[in-house]
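K.L.:
Just dropping this structure here.
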Amino acid sequence: MKYRVLLLNPDVKTIEIESRELSSRGINVVTAKNVEEACRLLREDGLIHVILTEWEVPVSDEETNLGSKVTLKGAELFEEFKVIRFEVTIFLFTKSADLPYFNTGGDLSGYFYKGDHDYDDIVRKLRSEVINSKNRAPFFDALLEYSRKSKDSWHTPGHASGYSVKNSIWTRDFYEFFGANLFRSDVSVSVPMLDSLLHPNGVIKEAHELAARAYSSRYTFFSTNGTSTANKILLQTLLKPGDAILLDRNCHKSVHYGTILAGAEPVYLSPSVNNRFGIFGPVPKKRIISTMDKAIAMGKKLKVMILTNCTYDGLIYDIADIVKEAHKRNVKVIVDEAWYGYARFHPHFYPCAMEAGADYATQSTHKTMSAFSQASMIHVNDPEFEDIEDFFMENFNMHTSTSPQYPMIASLDVARKQMVMEGYSLLSRCIELSDMLKKSINTLSKFRVLDLDDLLSDEVKKDGIKLDPTKLTIDVSGTGFSSKEVEHYLLEKHNIQIEKTTFNTLTVLITIGATHSKLNRLFLALENIEKMSGTRKPQKFAARNDFFLDLSPMKFMPRFAFYSDGESIPLRDAIDRVSACMVTPYPPGIPLLVPGQTISKTAIEALNYYRDYHVEIHGIKEGRIKVLTADEEKQLEEYGYRINDITET
């Protein structure tokens, strides 16, 4: 048995007997006699998955002036453990039989009365709880079992467990590269024992339920089309044509597209911006609240707010307070946790969206955990979800392939199991490695890892923003090289691929797959680049992100502008016209124009500015942009699709 049980009892003689009885039955036991010892062990030992505790336990060995010890009991005691490790299972193992009168706080998984002296029962229950709620992956186990049966395939997919390619003189290398198991497990929805993602009643439903328990949600659904599709599913479920949504202009483009599909009116929030490093931060809390109030006062049917937490650069909102303010105004909250799916598994990152009270969260399980690319999750905590569950499933079916890849589903099942069983240990190691890498890089004279204060603009410094230490932003301006040049050297000379760049920074992710060797190779590569830079002068360039804070107003509902025929005109002639497409510079990856938005002189200056620096721009082709015709604008006016825009910066 790989996991451990923490036995907590202040009576030294009794705990020795109990530990011996459990150990003789194959339980790996560690012991503590007070709360301080127990909490220390929980922090240090990620293999502890079960606590057997008395009802009342001393906080420490220290006595008060009256000769007694301060104690914790019941719900207060259990909460102390959950704050450190929410996923730990707690059983009451006590001399008291008055359970109906206990205040447990709902954190207990069971009860054992010491007067029964039934250690066999304890062991059976412990093993059953850990196996059934954590240490299994029902879908992956079923897929593994089916793959081993080597059944003849008379159904899709056409490669028939790989037989179409493994003996081909032209495609055998493809088979050999991916291996037999991938082809055997890439099976059809015709296999009943593997359940249906679109109507789960078997092992996929079990996997969903285990994931919901792991992530503290009421319901969890697997998405095999990425978090982009997960966002669209939720927006089409929660919004009707004419409803309004509050969204960060810095959100993922899938949110903008989801707003178009839903026929909703966007109420945009300008993010905070750090022009020195080209970094977009959280939306100021004051701006979020004032914009909500203004939209409601104007009579907009504000139904939903969506925020990205954490941001691409690792900046973390005080999300619980924002959720509380939204709920006061009867606004549902979606949190896009594409980069923060692991937050439930380590106290350094608490609270995640579900813990903070958000109604929905979408997560890219593949980005920061062990799932395959495109494998994502939708978590639901909305207390009114049952009222719209059927409509949610309609939208889920609309966007989900009827032929999902089963290995991808299995990867979600296994990623959940891994995070529940060893997520705390893996994330503790990530934090440690990140600190080591940061200290190493900061010994160099021309590179510097940015701190929270470096990343935040003044307008959000009092908003309770935190920084995810597993996302390191490195200032490269001291080298005299641009970030793109540093990125090129890292890739071509040192075989190192980084996550992203701004004009003068690069970002690296410390994931659960990081190793000491990889860290040292990155440091040595930066040291080499520093030496290459010679006597180059430090870079003086600062990004011009102020364009994004001078947003021109929305004129029409995005859906109707998007579906117009429009006309293509030179960008230089587009001032005061209405965009019929989304225009996005990469970096920073934020739409500068969305369908229905008036094209301002500032926007054109911005696009020309990015073009001069050879920034990739989506939505502009050969210097031309698609805009609404005069007749289309007139028609949309007549149909009543004009927006009474809110400009809040």
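Values quoted throughout were computed directly from the atomic coordinates according to the rules given, and no laboratory measurement underlies them. Small disclaimer: the values here were computed from a predicted structure and weren't measured. FYI the Cβ positions are ideal-geometry reconstructions off the backbone, even for glycines, and counts take in every protein chain you see.
K.L.:
Loop-only chymotrypsin sites (Phe, Trp or Tyr not before Pro) in the stretch 102-155, please: DSSP not H, G, I, E or B, and at most 14 other Cβ atoms within 10 Å. Could the numbers behind the result be given before it?
P.N.:
Numbers: sites: Phe102, Tyr111, Phe112, Tyr113, Tyr119, Phe139, Phe140, Tyr146, Trp154; in loops: Phe102, Trp154.
Counting only loop positions with at most 14 other Cβ atoms within 10 Å, the chymotrypsin sites (Phe, Trp or Tyr not before Pro) in the stretch 102-155 are Trp154.
K.L.:
Using a cut-off of 10 Å between beta-carbons, work out the net charge of the residues near Gly314 (Lys and Arg +1, Asp and Glu -1, Gly314 not included). Working shown, then result.
P.N.:
Working: positive: Lys466, Lys471; negative: Asp313, Asp468.
Summing Lys and Arg as +1 and Asp and Glu as -1 gives 0.
K.L.:
Arrange the peptides 34-40, 499-505 so that the one whose residues have, on average, the most other Cβ atoms within 10 Å appears first.
P.N.:
Details: 34-40: 18.6, 499-505: 21.7.
Ranked from most to least packed, the peptides come out as 499-505, 34-40.
K.L.:
Is the shape of the chain rounded, prolate or oblate, going by the alpha carbon gyration tensor and its root eigenvalues a ≥ b ≥ c, with a/c under 1.5 for rounded and a/b larger than b/c for prolate?
P.N.:
On the way: a/c = 1.59, a/b = 1.51, b/c = 1.06.
Because a/c hits 1.5 or more and a/b exceeds b/c, the chain counts as prolate.
K.L.:
If you take the square roots of the eigenvalues of the alpha-carbon gyration tensor of the stretch 204-286 and sort them as a ≥ b ≥ c, do you get rounded (a/c under 1.5), prolate (a/b over b/c) or oblate? Don't skip to the end; give the middle numbers.
P.N.:
Details: a/c = 2.37, a/b = 1.48, b/c = 1.60.
Taking the square roots of the gyration eigenvalues as a ≥ b ≥ c, the stretch 204-286 is oblate.
K.L.:
Just want to confirm a number: the relative contact order over the chain, from Cα pairs under 8 angstrom separated by 6+ residues, in percent. If you can, show how the numbers build up before the last one.
P.N.:
Working: 1231 pairs, mean separation 73.8, N = 649.
Relative contact order, the chain: 11 percent.
K.L.:
Let me ask something else. Any chance you could list P(r) for the stretch 375-435, counting all Cα-Cα pairs in 5 angstrom bins from zero, rounded to whole %?
P.N.:
4, 13, 14, 16, 16, 15, 10, 8, 4, 0
K.L.:
Here's another thing I want to ask about it. For the stretch 410-567, evaluate the Debye formula with one uniform point scatterer on each Cα (no solvent term) and list log10 I(q)/I(0) at q = 0.10, 0.13, 0.17 Å⁻¹, rounded to two decimals.
P.N.:
Summing over Cα pairs of the stretch 410-567 leads to -0.53, -0.79, -1.04.
K.L.:
Taking the Cβ of Ala358 as the center, what net charge do the other residues with Cβ under 15 Å away carry, scoring Lys and Arg +1 and Asp and Glu -1?
P.N.:
Working: positive: Arg218, Lys303, Lys324, Lys328, Arg329, Lys332, Arg344; negative: Asp248, Asp318, Asp321, Glu325, Asp336, Glu337, Glu355, Asp359, Asp382, Glu384.
Cβ neighbours under 15 Å give a net charge of -3.
K.L.:
Measure out, as a whole number of angstrom, how far apart the alpha-carbon centroids of the stretch 56-95 and the stretch 280-338 sit.
P.N.:
37 Å
K.L.:
Roughly how many Å is it from the Cα centre of the stretch 411-466 to that of the stretch 561-621, as a whole number?
P.N.:
Each part's Cα centre sits 35 Å from the other's.
K.L.:
Taking θ = phi - 60°, what integer Hz values does the Karplus form 6.51 cos²θ - 1.76 cosθ + 1.60 yield along the stretch 193-203, in sequence order, with x for Gly and Pro?
P.N.:
For the stretch 193-203, the Karplus curve yields 5, 9, 6, 10, 5, 7, 8, x, 9, x, 5 Hz.
K.L.:
Continuing with the same structure: How would the stretch 4-133 be classified by its alpha-carbon gyration tensor: rounded, prolate or oblate, with rounded meaning a/c under 1.5 and the a/b versus b/c comparison settling the rest?
P.N.:
Details: a/c = 1.36, a/b = 1.32, b/c = 1.03.
Here the stretch 4-133 falls in the rounded category.
K.L.:
Then there is this: Do the sum for the chain: with -39,500 (n - 2.57) for every DSSP H run of n ≥ 4, divided by all residues, what is the mean residue ellipticity at 222 nm, to the nearest 500 deg cm²/dmol? Present the calculation step by step, with values, prior to reporting the outcome.
P.N.:
Numbers: 22 runs with 250 residues, N = 649.
-12000 deg cm²/dmol, from helical runs alone.
K.L.:
Per-residue counts of other Cβ atoms within 10 Å, averaged by peptide: what ranking do you get for 465-471, 42-48, highest first? Don't skip to the end; give the middle numbers.
P.N.:
On the way: 465-471: 21.0, 42-48: 17.0.
Ranking, from highest mean packing down: 465-471, 42-48.
K.L.:
Note down the net charge around Glu632, summing +1 for each Lys or Arg and -1 for each Asp or Glu among other residues with Cβ under 12 Å from its Cβ. Before the final figure, lay out each step's value.
P.N.:
Numbers: positive: Lys555, Arg577, Lys626, Lys634; negative: Asp565, Glu567, Asp631, Glu633, Glu637, Glu638.
Cβ neighbours under 12 Å give a net charge of -2.
K.L.:
Between helix 406-441 and the chain, what is the angle of the helix's C-alpha long axis to the longest principal axis, kept within 0 to 90° and rounded to the nearest 10?
P.N.:
So the helix axis and the longest Cα principal axis differ by about 80 degrees.
K.L.:
Run the numbers on the stretch 545-639 and let me know its relative contact order in percent, using alpha-carbon pairs under 8 Å that are six or more apart.
P.N.:
Details: 165 pairs, mean separation 34.5, N = 95.
Reported relative contact order: 36 percent.
K.L.:
Further question on the same structure: Using alpha-carbon pairs under 8 Å, 6+ residues apart, how would you state the relative contact order of the stretch 4-133 in percent? Please report the intermediate quantities before stating the final value.
P.N.:
On the way: 206 pairs, mean separation 29.3, N = 130.
This gives 23 percent for the stretch 4-133.
K.L.:
Ranked by Cβ crowding within 10 angstrom, fewest neighbours first, how are His516, His117 ordered? Each step should come with its number before you reach the end.
P.N.:
Working: His516 11, His117 8.
Lowest to highest Cβ neighbour count: His117, His516.
K.L.:
Calculate how steeply helix 253-262 sits against the longest principal axis of the alpha-carbon atoms of the chain, using the helix alpha-carbon long axis, and give the answer as 0 to 90 degrees to the nearest 10.
P.N.:
For 253-262 against the chain, the angle is about 80 degrees.
K.L.:
Same structure, new question: Ranked highest first by the average count of other Cβ atoms within 10 Å around their residues, in what order do 236-248, 521-533 fall? Before the final figure, lay out each step's value.
P.N.:
Details: 236-248: 20.8, 521-533: 17.1.
Going by the mean number of other Cβ atoms within 10 Å, highest first, we get 236-248, 521-533.
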